[in-house]
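Since every read-out is calculated from the coordinates, none of them should be taken as a lab result. These figures come from a predicted structure and were not determined experimentally. Note that we place each Cβ from the backbone using ideal geometry, even for glycine, and neighbour counts take in every protein chain shown.
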Amino acid sequence: MEFKQCEKGHYYESTLTRCPQCEREAMEQSNETMDFNQSGGKASDYRPTESFSFPEVEDYGPTAPVGMGTVNSQSQMGNNGGETRPPENYGFTVPGGNPFGDTLPQNTTSVYMNDQAGFLPVVGWLVCIEGPEKGKDYRIHAGYNSIGRSFSMDIVLKYDNNISREKDCYIGYDQQEKEFFFGHDNGRNIIRVNGKRVNGSTDLKSYDILSIGSCKYMFVALCGEQFDWSDEE
């Protein structure tokens, strides 16, 4: 079978007098022109897309906190002469009513905690120097400080499973004698000070190393002969 090539480069059988591909293209173009004319459309009817803009919104000004003193009503409700009025009391609800009454406090007030309010001032520290909580410090107050893993203890060593849950040992400060002491309580582990076993209790000095369970702690005193909270009273 022989083929011929039309002016547009299409190949078709030599037995045909016209190029079938050219005829199809001409027919499709004619149908598109007919549809466009029937719809009444013209190329000039299509205008460029215009940007849509919202109508101008009135400026209500910056927002203001509710219920915190008088504010300028102009900044809340637009321009109405610049009058000032107290805002509506939206308030809040707390159990037992509002402890502040009709007004809120204007300034933050610090709360002073002392021994009369149940606050025990620090007299020294234990600082973990070896073990799971290396670098953490524990406050020591006057009198006996029970040591264990329970949160009911004065000094909670919760990450050391090698000590008793409650009253493994204790550390204390005698405010009258101004001396620190460390001793065994109900724990089954051996406790040591500077590597020496403690059978009952022993006096402590700053920078003594206490071995409790699997950890070691450095003792640092705040109170003593040089300073004591009772001297300040």
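Tabulated data for the structure shown
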| quantity | calculated |
| --- | --- |
| Number of positions in region 120-146 that are over 14 Å from Phe219 (Cα atoms) and aliphatic (A, V, I, L, M) | 2 |
| Spans of strands (runs of 3 or more DSSP E) in region 170-224 with at least 1 residues surrounded by fewer than 20 Cβ atoms within 10 Å (Cβ to Cβ) and within 40 Å of the chain's Cα centre (by Cα) | 209-212, 215-221 |
| The lone exception for Phe227 - which of (1) within 18 Å of Ile163 (Cα to Cα); (2) under 40 Å from the mean Cα position of the chain (by Cα) it fails | (1) |
| Residues of region 141-165 that turn out to be part of a loop (DSSP other than H, G, I, E, B), touching an Asp or Glu at 6+ places or on another chain (Cβ under 9 Å) and under 22 Å from Gly200 (Cβ atoms), as a count | 4 |
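Residue-by-condition table, conditions (1) over 16 Å from Gly187 (Cα atoms); (2) of a type outside the set (D, E, K, R):
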position: Leu120; (1), (2): yes, yes
position: Leu126; (1), (2): yes, yes
position: Arg149; (1), (2): no, no
position: Ile155; (1), (2): no, yes
position: Glu166; (1), (2): no, no
